[in-house]
Amino acid sequence: MNRKRLMILGADQRVWYLNAHKMLVQRYGPNSGLMAGFVASTSVSASVAANQALARKAYEQWRNQLPFRGYLSSVILNLERTTANLPLNGLKVENFRQALCGNLDAVVIDRWMLRAYGLPRVIRPKRYMELSDVIKREASRNGLKPAEYQAMVWAGIRRTKRSNVENFSF
């Protein structure tokens, strides 16, 4: 897939992570990093709408000092890691948290990004890191931060597959 074309198709999403970060800070104030961790933790194989609902549920459970229930065990582990301020398990999940917290050097590689690079839906950590380096180089060549470039390519590939580009409304 021609990533330059994808980048152009998704150009309006360049500031997706910056906008998401601003919304988190506006809505959750000092708990914005916590909510970013909940969003990242519940993002695995979830649509944006489902991800938002699950993250809000986790936030309410945490706020009411309830145990995390109604998630996969791997998600619960990351929700607990979030509350303990520990790095999240899974390269995509931790990088997503970082990007939502405003780190535009983070590289989020999900199934849509794998599709944009013609790769299978699941890759090993070593391949993730190699692809992350490729994305960083491509971003730099285009005068972009990695998260900006990723957001544009992500939106572009979704649009070529006639899939909606959804924004968070936290």
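The values are calculated or read from the model by the stated rules, or taken from the named source; none is laboratory data. All values derive from a computational prediction rather than experimental measurement. Please note: Cβ atoms are built from the backbone with ideal geometry, for glycine as well, and neighbour counts cover all protein chains shown. These accessible areas exclude ligands, DNA and RNA; they are computed on the full protein's heavy atoms, side chains included. Shrake-Rupley method; radii C 1.70, N 1.55, O 1.52, S 1.80 Å.
Using only the Cα atoms of the range 65-160, each taken as one equal point scatterer with no solvent, compute I(q) by the Debye sum, divide by I(0), and report log10 of the ratio at q = 0.10, 0.17, 0.19 Å⁻¹. Normalising to I(0) and taking log10 leaves -0.30, -0.80, -0.94.
Counted residue by residue at 0.36 nm each, then reduced by the alpha carbon distance between them, the extension gain from residue 86 to residue 160 reaches 23.0 nm. Neighbours of residue 128, meaning other residues whose beta-carbon lies under 14 angstrom from its beta-carbon, give a summed charge of +3 when Lys and Arg score +1 and Asp and Glu score -1. What the range 25-170 shows is 51 Å² of accessible area per residue, with the surface traced by a 1.4 Å probe over protein heavy atoms. Simple spin-label estimate for residue 45 and residue 63 gives 2.9 nm between the two label positions (7 Å along the Cα-to-Cβ direction from each Cα). In this simple spin-label model, placing a label point 7 Å from the Cα along the Cα-to-Cβ direction at both residue 105 and residue 4 gives a separation of 2.9 nm. Between 84, 55, 36, the residue with the greatest mean-square fluctuation in the GNM of the chain (Cα pairs under 10 Å linked by springs) is 84.
Charged neighbours of residue 143, selected by a Cβ distance under 14 Å, balance to +4 (K, R count +1; D, E count -1).
Three semi-axes describe the equivalent ellipsoid of the chain; taken as square roots of 5 times the Cα gyration tensor eigenvalues and ordered largest first, they are 27, 16, 15 Å. Taking the 1.4 Å solvent-accessible surface of the range 1-155 as the whole, the part contributed by carbon and sulfur is 53%.
Residue ranking by accessible heavy-atom surface, 1.4 Å probe, largest first, among 145, 126 comes out as 126, 145. With both labels modelled 7 Å from their Cα along Cα-to-Cβ, the residue 56 to residue 19 distance reads 1.9 nm.
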